1. Cα centroids of segment 101-134 and segment 1-57: how far apart, whole angstrom?
2. Quick one: 3J(HN,Hα) in Hz for segment 58-73, Karplus 6.51/-1.76/1.60 with θ = phi - 60°, rounded, Gly and Pro as x.
3. Apply the Karplus parameterisation 6.51 cos²θ - 1.76 cosθ + 1.60, with θ equal to phi minus 60°, to every residue of segment 125-131 and state each ³J(HN,Hα) to the nearest whole Hz, in sequence, with x for glycine and proline.
4. Which of [x] 25, 19, 15; [y] 45, 17, 11; [z] 30, 19, 16 is the computed semi-axes √(5λ) of the Cα gyration tensor in Å for the structure on display?
5. Taking θ as phi - 60°, what are the ³J(HN,Hα) couplings along segment 12-24 by the Karplus curve (6.51, -1.76, 1.60), each to the nearest whole Hz, with x for Gly and Pro?
6. Amide H of Leu79: which non-local residues (sequence gap of 5 or more, or other chain) have their own amide H closer than 5 Å, using H built in the peptide plane?
Amino acid sequence: MPLIDMYQRPGFLLRRAHQISAAIFEANCSEMGLTQAQYGALMVLQEEPGIDQTRLARALAFDKVTVLRVLRGLAQRGLVVRELSQSNRRQMSLRLTAEGEHLLMQSTAPVQHAYEQLMAPLTPQHRTQFIALLQQLTDGLGEQARATFVPLARQSSGS
């Protein structure tokens, strides 16, 4: 197989796109010291205070080691509190601290800027198509992933 064929394979391009996405995100959020994984965890914790580590891992499609690493870093910075769950003493309940809430609020503009920067090469129509195709790919092959993905239930706009 010629090398050019490898450069046009989905796996290579997805890995490269992820590298670019992470670099853009981290450049925009460097003043806050925030990674994509940390931002995702903060977002889920804001939406679902008291969630346990297993549900958090599934909501982000992280394995247990990754979610633990992310949580330790956030806890060391005083952004997240881990405590024994009131309903199940074998689980850790997670919530944002006031500092975590504040950092999440501060990150809104830089995160949006990172998104716009990442999507800048695409027309609005191509952006929609790109997201739809990625969704179709991940939905269609999700069972083959190393980490389970269980999105949080969407709340209705009336609640």
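No value in this document is a laboratory result; all are computed from the given coordinates. Since the structure is predicted, the reported quantities are computational estimates derived from the model, not experimental observations.
1. So the separation of the two Cα centres works out to 12 Å.
2. Going residue by residue, I get 5, 5, 10, 6, 9, 7, 4, 5, 5, 5, 5, 4, 4, 5, 4, x Hz, with x marking Gly and Pro.
3. Per residue, the Karplus-derived 3J(HN,Hα) values read 5, 5, 4, 4, 5, 4, 5 Hz.
4. After the calculation, the listed value that fits is [z].
5. Whole-Hz 3J(HN,Hα) from phi for segment 12-24: 4, 5, 5, 5, 5, 4, 5, 4, 5, 4, 5, 5, 5.
6. Long-range HN contacts for Leu79: none found.
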